[in-house]
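Please treat every number below as a calculation from the coordinates, not as lab data. Small disclaimer: the values here were computed from a predicted structure and weren't measured. Don't worry about glycine lacking a Cβ; one is built from the backbone with ideal geometry, like all the others, and counts go over all protein chains shown.
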Amino acid sequence: MLNISNNVTIPEAEIEWQAIRAQGAGGQNVNKVASAVHLRFDIRASSLPEFYKERLLALSDRRITAEGVVVIKAQRFRTQEKNLDDALERLRALIQSATVERKKRKATRPSKAARNKRMDKKTRHGQTKALRGKVRP
């Protein structure tokens with residue numbers, strides 16, 4: 001069971017994972033041992049509440065395919081167990097991040113004093129640059 005929150009868990013049967021050969025460092029083992037993990041989680045077929053499913057499918061994350069499958073490749077560590085734990089933790093973080101309510105932005109405008117200050121600064125800067133021109137006798 002993967003615990004997402006106090007009320008939401010994902011059964012292990014809904015999470016597919018496959019051991020694959022990792023890229024990069026690992027010495028001679030990299031060619032022999034399948035230590036990387038390819039994790040797949042189908043959002044639509046899962047037992048997650050509808051709220052979670054809608055938020056996850058609305059995300060524009062490259063790890064979520066057009067079919068609604070989360071694909072995570074974990075190869076940070078040299079052992080399969082650590083990579084599996086890493087992939088599960090990343091899946092948990094992705095699902096939890098989808099449920100965070102974003103704060104609405106309030107539109108603001110600069111004050112009149114701030115606009116005047118900016119214009120005065122631009123004028124002074126322009127005058128300074130004008131003084132750098134060629135000197136005529």
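Structure notes:
- Degrees separating the helix 112-130 axis from the principal Cα axis of the chain, which is the longest one: 70 degrees
- Most mobile of Gly24, Gly68, Gly126 in a GNM of the chain (Cα contacts under 10 Å): Gly126
- GNM flexibility winner over the chain from Ala107, Ala19, Ala45 (Cα, springs under 10 Å): Ala107
- For the chain, size of Cβ-based charge dipole, Lys and Arg +1, Asp and Glu -1, in debye: 2460 debye
- Between the range 75-129 and the range 1-68, the alpha-carbon centres lie 26 Å apart.
- Just checking the listed ones, Asp42, Asp61, Asp86: in the Gaussian network model of the chain with Cα springs under 10 Å, the one fluctuating most is Asp61.
- Taking a ≥ b ≥ c as the square roots of the eigenvalues of the Cα gyration tensor, the chain is oblate, since a/c reaches 1.5 or more and a/b is not larger than b/c.
- For the range 76-137, convex hull volume per residue from C-alpha positions, Å³: 175 Å³
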